[in-house]
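Attaching a single structure in structure tokens format; questions to follow.
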Amino acid sequence: MQAVAAVLQTGRLHRYNVDAGEESEAAALEREYAAWQGADYCIACTSGGYALQLALRAAGLQAGDKVLANAWTLAPVPGAIYASGGQPVFVEIDNACRIDLTDLASKADASGAKFLMPSHMRGHIADMEAIQAICESRGIVMIEDCAHTMGARWNGVLSGNFGYIACFSTQTYKHMNSGEGGLLTTNDPEIAARATILSGSYMLYDRHGAGPDATAFADVRLTTPNCSGRMDNMRAALLRAQLPDLPSKIDAWNRRYAILEAAIAQTQGLAPIPRPASEAYVGSSIQFQAISLEPAQVPDLLARLAAHGVEVKWFGEADPRGFTSRYDTWRYLADINPLPNTLDALSKLLDMRIPLTFDEADCALIGAIIGEETAKTL
Ligand SMILES: *Cc1c(COP(=O)(O)O)cnc(C)c1O
């Protein structure tokens, strides 16, 4: 609140409104986030979904190009592919919430797609070295959707450092909260230059905190449209204040996750999603499968949990509700192939956010309620 008040005091809310030699909050955020992520370049923008659009356009997507994506994702992903003129080619997920590598390889070959946008959906990270190998052998550019994996790691490497470009969301329910917001990171100076102009730099690209030098802009500045979606200084100030606390928040999430995971593992009929040893996840939400419930029994269980104030969501629902839309409900897309494994996995998949306003005792209580109500269903 003090950081935002300080921005308001100056009146300079716009990221390019700076005195000579002054660094704006947005530029400082880019510099600090690039350092945190270990990336050469960072561009701050209006939302995670907008960062995904920037990434696709900056990577050279042309109208009609195909983009591989796991079918289990959030609506901003197909929306970003659509908005940038691409066509999604959805890939199956497995029962552990990860993109199916066999289906990825075969869809890559069948479609000839040159882009892959994997979402580490709800924080589940697939075998990243295997995905890199699939992409490298086919000349596919990987753009990671890290909306749920800011601060997570695979084999010790931060999520977002496996692809060509990574996109992060700072919407309220993600790991840093500016209401809305997005961050794009890359090590490629030309992609960074294009993303900067696309984001709406009005040719003021030298006022960025982690941008490439002027040579990268020589052609790009005249061949790239301005599609305004800048971050403002108030939101940047909010995020700069939160970045130092991210490691301790990750610990806090994971302590709560462990309590809920143990309770769910003990509940007959439910099973938490297994987490591979290579994955250092951020437990900001938990997913589990209703392994021995019929889909028809799920709505009643969720209603009884809700009566206790325990809000569990179900990805199997045919009608999109809140954050749980299924790929076959994105009917604006030209052609959606049936994905039976994904539908089967989603028909059992339950989901709960773990806000840090819950303490560990709250999580134990929530776990006990889930156990009791599930036992009544079986
Ligand atoms: C939140 C989220 C995004 C981006 O969302 P915005 O609301 O546009 O910031 C993208 N992908 C996934 C999987 C998400 O959960």
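The values are calculated or read from the model by the stated rules, or taken from the named source; none is laboratory data. Computed from a predicted structure; not experimentally measured. Neighbour counts are summed over all protein chains in view; Cβ atoms, including those assigned to glycine, are modelled from backbone coordinates with ideal geometry. Calculation scope for accessible area: heavy atoms of the full protein, side chains included, ligands and nucleic acids excluded. Shrake-Rupley method; radii C 1.70, N 1.55, O 1.52, S 1.80 Å.
Is it true that ASP100 is more than 16 Å from the ligand (Cβ to nearest atom), closer than 23 Å to ILE336 by Cβ and either of a type in the set (Asp, Glu) or under 14 Å from the mean Cα position of the chain (by Cα) (or both)?
Spelling it out, ASP100 is indeed more than 16 Å from the ligand (Cβ to nearest atom), closer than 23 Å to ILE336 by Cβ and either of a type in the set (Asp, Glu) or under 14 Å from the mean Cα position of the chain (by Cα) (or both).
Sort out which residues of the stretch 8-65 are within 16 Å of the ligand (Cβ to nearest atom) and over 17 Å from the mean Cα position of the chain (by Cα), and write them in order of number.
LEU29, ARG57, listed by residue number.
Continuing with the same structure: Quick one: what pairs do we get from the stretch 165-177, first residue closer than 13 Å to LEU54 by Cβ, second charged (D, E, K, R) and more than 7 Å from the ligand (Cβ to nearest atom), C-beta under 6 Å, 6+ apart or different chains?
Correct list of pairs: ALA166/GLU144.
Could I ask something else about it? Is one or more of the residues making up the stretch 99-120 in contact (Cβ under 8 Å) with a residue 60 or more places away in the chain, buried (at least 24 other Cβ atoms within 10 Å of the Cβ) and not in a loop (DSSP other than H, G, I, E, B)?
no
Right, another one. Does ALA195 qualify as being among the small types (Gly, Ala, Ser), open to solvent by 10 Å² or more (accessible area, probe 1.4 Å) and either within 15 Å of the ligand (Cβ to nearest atom) or not in a loop (DSSP other than H, G, I, E, B) (or both)?
No.
Restricted to the stretch 343-376, and to residues that are touching a helix residue (DSSP H, G or I) at 6+ places or on another chain (Cβ under 7 Å) and β-branched (Val, Ile, Thr), which residue is surrounded by the fewest Cβ atoms within 10 Å (Cβ to Cβ)?
ILE369
Enumerate the pairs (first residue in the stretch 76-88 and touching a residue at least 24 places away in the same chain (Cβ under 8 Å); second residue anywhere and part of a helix (DSSP H, G or I) and within 8 Å of the ligand (Cβ to nearest atom)) with beta-carbon separation below 7 Å, excluding pairs fewer than 6 apart on the same chain, so at least 6 apart or on different chains.
Note: pairs meeting the criteria are PRO76/GLY48; PRO76/GLY49; PRO76/LEU52; VAL77/LEU52; GLY79/GLY49; ALA80/GLY49; ALA80/LEU52.
Could you tell me which numbered condition THR73 fails, if it satisfies all but one of (1) away from the ligand (no atom under 11 Å from the Cβ); (2) open to solvent by less than 50 Å² (accessible area, probe 1.4 Å)?
Evaluating THR73 over (1) away from the ligand (no atom under 11 Å from the Cβ); (2) open to solvent by less than 50 Å² (accessible area, probe 1.4 Å) leaves (1) as the failure.
May I ask you to verify whether GLU372 is away from the ligand (no atom under 16 Å from the Cβ), without any contact (Cβ under 8 Å) to a residue 60 or more places away in the chain and part of a loop (DSSP other than H, G, I, E, B)?
Answer is no for this residue.
Can you tell me how many residues in the stretch 348-365 are under 25 Å from the mean Cα position of the chain (by Cα) and part of a helix (DSSP H, G or I)?
1
Moving on to the next point. Every residue in the stretch 154-192 that is away from the ligand (no atom under 14 Å from the Cβ) and assigned to a strand (DSSP E or B), please.
TRP154, VAL157, LEU158, THR185, THR186 - these are the residues of the stretch 154-192 that are away from the ligand (no atom under 14 Å from the Cβ) and assigned to a strand (DSSP E or B).
Identify the residue in the stretch 321-332 that is within 16 Å of the ligand (Cβ to nearest atom) and in contact (Cβ under 8 Å) with a residue 12 or more places away in the chain and, among all such residues, is most open to solvent (accessible area, probe 1.4 Å).
The residue in question is PHE323.
Consider the stretch 146-178. How many of its residues are closer than 22 Å to THR357 by Cβ, among the hydroxyl-bearing types (Ser, Thr, Tyr) and surrounded by 21 or more Cβ atoms within 10 Å (Cβ to Cβ)?
4
Let me ask another. Looking at GLY112, GLY123, GLY86 in this structure, which one is farther than 21 Å from THR329 by Cα and within 16 Å of the ligand (Cβ to nearest atom)?
The conditions single out GLY123.
Considering only the stretch 1-77, give the helices (runs of 4 or more DSSP H) lying wholly within it that have at least 1 residues that are farther than 21 Å from ALA236 by Cβ.
Of the helices (runs of 4 or more DSSP H) lying wholly inside the stretch 1-77, those with at least 1 residues that are farther than 21 Å from ALA236 by Cβ span 48-58.
Applying the selection to the stretch 54-76, what residues are touching a Cys at 6+ places or on another chain (Cβ under 8 Å) and closer than 23 Å to ASP206 by Cα?
Residues satisfying the conditions are LEU54, ALA55, ARG57.
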